[in-house]
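The values are calculated or read from the model by the stated rules, or taken from the named source; none is laboratory data. Nothing here was measured: the structure is a model prediction, and the numbers come from that model. Glycine gets a Cβ as well: all are built from the backbone with ideal geometry, and neighbour counts include every protein chain shown. Ligands, DNA and RNA are excluded from the accessible area calculation, which covers all protein heavy atoms including side chains. Shrake-Rupley method; radii C 1.70, N 1.55, O 1.52, S 1.80 Å.
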Amino acid sequence: MFKKIARFICILELIVAVVMYFTIAWQFDNDKLIMKILPHTDFEATLLRLSIYIIPGINIIAGVFGITFCTKGILIFAGVLEILNGILTLYYKGASDFMNFMGIAMIVIGIIFIICIIFAKDLKTDKKKRN
């Protein structure tokens, strides 16, 4: 049961990556708070400019790790990446309510994914016959 939920979350993370790419691109053009930060050359502005690649990229990495690997440590790392991605999204939400919702949703998805991985008994897809 927990394996199926974890797989569904991984597929959901890949879909969220596509949605977040277009959401961040739209936000760069229309959000006044973000447009005030973009012209600067400090670390915060640089991270904001890179967030169009970082946020969807972390979603893709977490989703692919969850689909590909069956080691609990790597999968928990993917869940932690998703939580950090949600925190980054909340930090750069600007005035967008959708970005606020997506940041909270990513944190919740990461927490549920970690809980599913911890409580899953066997993560291997090949079931061995036990004699």
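The requirement of being in a helix (DSSP H, G or I), out of contact with any helix residue (DSSP H, G or I) (no Cβ under 9 Å at 6 or more places or on another chain) and at pLDDT 90 or above is not satisfied by F113.
Among the residues of segment 6-24, the ones that are of a type in the set (D, E, K, R) and open to solvent by 10 Å² or more (accessible area, probe 1.4 Å) come to 1 in all. Here segment 64-116 is the region considered, the condition is being buried (at least 17 other Cβ atoms within 10 Å of the Cβ) and small (G, A, S), and the residue that is nearest to R49 (Cα to Cα) is G94.
Would a scan of segment 92-104 turn up a residue that is among the hydrophobic types (A, V, I, L, M, F, W, C), in a helix (DSSP H, G or I) and without any contact (Cβ under 8 Å) to a residue 24 or more places away in the chain?
Start the filter on segment 92-104 by keeping residues that are among the hydrophobic types (A, V, I, L, M, F, W, C), which leaves 95, 98-99, 101-102, 104.
In the following step, the residues that additionally are in a helix (DSSP H, G or I) were identified as 98-99, 101-102, 104.
Those still in the list that are without any contact (Cβ under 8 Å) to a residue 24 or more places away in the chain too: 101, 104.
Yes; the residues of segment 92-104 include at least one that is among the hydrophobic types (A, V, I, L, M, F, W, C), in a helix (DSSP H, G or I) and without any contact (Cβ under 8 Å) to a residue 24 or more places away in the chain.
Can you tell me which residue is farthest from the chain's Cα centre (by Cα) among those in segment 47-91 that are touching a residue at least 60 places away in the same chain (Cβ under 8 Å) and farther than 11 Å from E13 by Cα? That would be L75.
Filter segment 25-46 down to the residues that are aliphatic (A, V, I, L, M) and touching a residue at least 40 places away in the same chain (Cβ under 8 Å), then identify the one that is least open to solvent (accessible area, probe 1.4 Å).
Kept after step one, since they are aliphatic (A, V, I, L, M), are these residues of segment 25-46: 25, 33-35, 37-38, 45.
Next, only the ones that are touching a residue at least 40 places away in the same chain (Cβ under 8 Å) stay: 33-34.
Working: L33: 89, I34: 4 Å².
Per the criteria, the residue is I34.
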